[in-house]
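A quick write-up on the structure given underneath.
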Amino acid sequence: MKAFQLVLIKPSHYDDDGYVIRWWRAMTPSNSLAAVYGIAADCAERQVLGPDTTIDITVIDETNTRVDVPALVARFRRHDNFGCVALVGVQSNQYPRALDIARPFRAAGIAVAIGGFHVSGCLSMLDGEAVELNACRDMGIAIFAGEAEGRFDSLIADAAAGRLAPVYNYMKDLPGMEGTPVPFLPKRHVERTLGASSSFDAGRGCPYQCSFCTIINVQGRKSRYRSADDVERIVRLNWAQGIRKFFITDDNFARNREWEATFDRLIELREKDGIPLGLMIQVDTLCHKIPNFMAKAKRAGVNKVFIGLENINPDNLAAAKKRQNKITEYRKMLLAWKEQGILTIAGYILGFPADTPATIRRDIEIIQHELPIDLLEFFCLTPLPGSEDHQTLWRNGVAMDADLNRYDVEHVCTAHAKMSAEAWQKIYHDAWGLYYTPAHMKTLLRRAVATGVPVGNLAKYLLTFSTTDRLENVHPLQGGILRMKHPSERRPGLKRENPLLFWPRFAWETFAKHAILAGSIARLAVWQAAIKRAPGAKDYMDQALTPVGDDDETSDLLTKTTGAAAAVAHIKKVAELTHRA
Ligand code: B12
Ligand code: SF4
């Protein structure tokens, strides 16, 4: 019996000091890894390499596990290099690290293939060579662009036969998702992340056309989806290993054509079968207009929702072709989620054309006072390879940062007409502190008590969102508990530090960060207890929680930004015309 060694590695990337970002427990499990593992496990079960060949699958998420290259190379050697290293779900910021991981494997003559958003986005939008794709060709790494469903059998058959092609390009042929192997990770891997929740994509594709978005150029604009039966299978597989919480990773679940059938099935699993589901979904700002969407979300077990708010200046939204985001609807939509007692997390992008440090400060203040958002996450507008924005700059020869490691939507990668790179980068970091002030965190806790949002849950998120950028210099989405580092994991080209200096400094940094964290935990616990016990806590009211009314027209949200007046005039005109009709 032969044993094909399939090693699935989801690479991390380097921090600003050149060390791999790795945690004892990372924030979220990788859905890309779960998707590819599900497909690979199905290949193993079907014995696609023949009845006398097994497929041994190893799963490594570098954000929570160190990649022990020498041990893996030794294992391949024991099997005459019969196998393949698959670099999974590689984003642009992870591409340099992925190549560094691949190098020793290739030097040892081991087959390596790479997939994910960087290679797929580049092959979809650029010339087949940009950005740095030739590095793979030079190293003999097989590039896999597109989705693995229905194609993994032939890829591993090629690897087993020692004839991996340089490029597999399926970008023009997006597969259907119904009935395909479902994303899954064994519990021992899920436990390496916070909260023991798993993930799955119930669908792919989004109908909108935001110019900064890579998703539509990689996964398409047509809604493709798993069936309700597939979703039930995912839930049952996980429930059998004690997992009941899921991040449904669809970028816009509200535009998944099967959202209702999916919710109905999840409601059944929750209400009839008693599986205590806890879900997080991502939606757009118009989902409150879909009849039943929010009420069914609540019944299905949704307790957190991520909303692509992006900005509150209509001029900025128009520049990014995100016209579907209507600031005149923001309060209605957010209050509707509040009515369901669901925690709201909104993404906010800094660096659109009309932004300056002063307008960003003003806009954050407007959000704090007027929008009932619980958590706000900041990102730098980034020309991600695979987006229309990147393609336009690339075609016009406009300068962009040459280091892909920085394309993590936290670093400034191109010029802005009104802000220097330094000012832009600074306001990005400042934004976290401007939003998560002690006063505003208390307001958020008060709003949670008044609207039935689980306060303890919110407090946990407030801790992460208010401290991760400041203490760890990374976005909370790539954060975790207890940062791990090793001198050997420093980016090639940077000096290897003396262990006698490295380890004491690392120990001191870890201690200092945790002392600050302990203070923040204590502070939040005291606030939480006091706010819950305060007389009249349930009746708390402020401008953000006030139902939408005529007063809204004079709010800062609808008067202060450059595009707001035009947006309000447009709404009035539409209302007049529809009234006359
Ligand atoms: C869920 C999610 C997360 C989760 C989990 C990460 C994950 N990848 O699962 C969390 C919250 C942790 C996260 C964090 C971040 N994310 Co994210 N995330 C997503 C999201 C919404 C879904 C990912 C997913 O599951 N897709 C579905 C899977 C099945 O698709 P896939 O990864 O492309 O894999 C398929 C194929 O590519 C192929 N394939 C993949 N690998 C391989 C390998 C081989 C060998 C083969 C043959 C095939 C193959 O087969 C798979 C199945 O069909 C995507 C957007 C999207 N729609 O994909 C953004 C996205 C991937 N994230 C993005 C970014 C920037 C980040 C962060 C850097 C943000 C930040 N600063 O914190 C961090 C990085 C953290 C990390 N360590 O990954 C960007 C990447 C852009 C780019 N071009 O590089 C995306 C595209 C969103 C965007 N803004 O455009 N993210
Ligand atoms: S709504 Fe989200 S997923 Fe859809 S195109 Fe815009 S940024 Fe991309």
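Computed from the coordinates by the stated procedures, all read-outs in this text should not be read as laboratory data. Predicted model, so just to flag it, every value in this text is computed and none were measured. Positions of Cβ are generated from backbone atoms using ideal geometry, with glycine treated the same way; all protein chains shown enter the neighbour counts.
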Inset, instruction - Could you work out how far apart the two model spin labels at residue 196 and residue 569 are, taking each label as a point 7 Å from the Cα in the direction of the beta carbon, and quote it in nm? - result: 5.8
Inset, instruction - Please give the FRET efficiency for residue 503 paired with residue 169, using the beta carbon to beta carbon distance and R0 = 45 Å, rounded to the nearest 0.05. - result: 0.50
Inset, instruction - Using DSSP to define loop residues, name the chymotrypsin sites (Phe, Trp or Tyr not before Pro) in region 473-581 whose beta-carbon has at most 13 other beta-carbon atoms within 10 Å. - result: none
Legend entry - Whole-angstrom gap from region 491-523 to region 378-453, using each part's C-alpha centre: 25
Legend entry - Between helix 95-107 and the chain: long-axis angle, C-alpha atoms, 0 to 90°, nearest 10: 10
Legend entry - From the C-alpha gyration tensor of region 523-581, square roots of 5λ in Å: 38, 15, 8
Inset, instruction - State, to one decimal in nm, how far the label point of residue 517 lies from the label point of residue 240, with both points 7 Å from Cα in the Cβ direction. - result: 3.5
Legend entry - Relative packing of 332-339, 106-113, 88-95, which averages over residues the other C-beta atoms within 10 Å, highest first: 88-95, 332-339, 106-113
Legend entry - Label zone at residue 477, where the point sits 7 Å out along the Cα-to-Cβ direction: region 71-97 residues whose backbone N lies under 16 Å: 89-95
Inset, instruction - List every residue whose amide H lies under 5 Å from the amide H of residue 177, counting only residues 5 or more places away in sequence or on a different chain, with H placed 1.01 Å from N in the peptide plane. - result: 225
Legend entry - Qualifying lysines (Cα of each under 22 Å from Cα of residue 460; at least 8 residues distant if same chain): 245, 298, 304, 338, 442, 513, 532, 538
Inset, instruction - For residue 22, enumerate residues with amide H under 5 Å from its amide H, sequence gap 5+ or separate chain, H modeled in the peptide plane. - result: 484
Legend entry - Euclidean distance of C-alpha centroids, region 80-100 and region 252-311, integer Å: 34
Inset, instruction - Using the structure shown, list the pairs from 426/560; 272/296; 187/272 with a Cα-Cα distance above 19 Å, or answer none. - result: 426/560; 187/272
Inset, instruction - With a Förster radius of 35 Å, plug the Cβ-Cβ distance of residue 323 and residue 534 into 1/(1 + (r/R0)^6) and report the FRET value to the nearest 0.05. - result: 0.25
Legend entry - Rounded tilt (10° steps) of 259-271 against the dominant C-alpha axis of the chain: 90
Legend entry - Extension gain from residue 75 to residue 358, taking 0.36 nm per residue of separation minus the Cα-Cα distance: 96.2 nm
Legend entry - Base-10 log of normalised Debye intensity for region 114-229 (one unit scatterer per alpha-carbon) at q = 0.18, 0.19, 0.20, 0.21 Å⁻¹: -1.10, -1.16, -1.20, -1.23
Inset, instruction - Taking the Cα centre of region 453-581 as origin, sum charge times position over the Cβ atoms of Lys and Arg (+1) and Asp and Glu (-1), and report the length of that vector in debye to the nearest 20. - result: 840
Legend entry - Spin-label pair residue 290/residue 1, simplified geometry with 7 Å Cα→Cβ offset, distance in nm: 4.6
Inset, instruction - Report, to the nearest 10°, how far helix 438-451 tilts away from the longest principal axis of the Cα atoms in the chain, using its own Cα long axis and a range of 0 to 90°. - result: 80
Legend entry - Long-range HN-HN contacts of residue 350 with modeled amide H, under 5 Å: 379, 380, 381
Inset, instruction - Give the cysteines in the chain for which no other Cys Cβ lies under 4.7 Å away, or write none if there are none. - result: 43, 84, 122, 136, 206, 287, 380, 413
Inset, instruction - Report the residues of region 335-366 in range of a label on residue 461: point 7 Å along Cα→C-beta, backbone N strictly under 16 Å from it. - result: 335-348
Inset, instruction - Set the Förster radius R0 to 51 Å, insert the Cβ-Cβ distance between residue 554 and residue 157 as r into 1/(1 + (r/R0)^6), and round the FRET efficiency to 0.05. - result: 0.15
Inset, instruction - Wrap a convex hull around the Cα atoms of the chain, take a quarter of its surface area, and give that in square nanometres. - result: 27.8
Legend entry - Length-normalised contact order for the chain - Cα pairs under 8 Å, 6+ apart - percent: 15
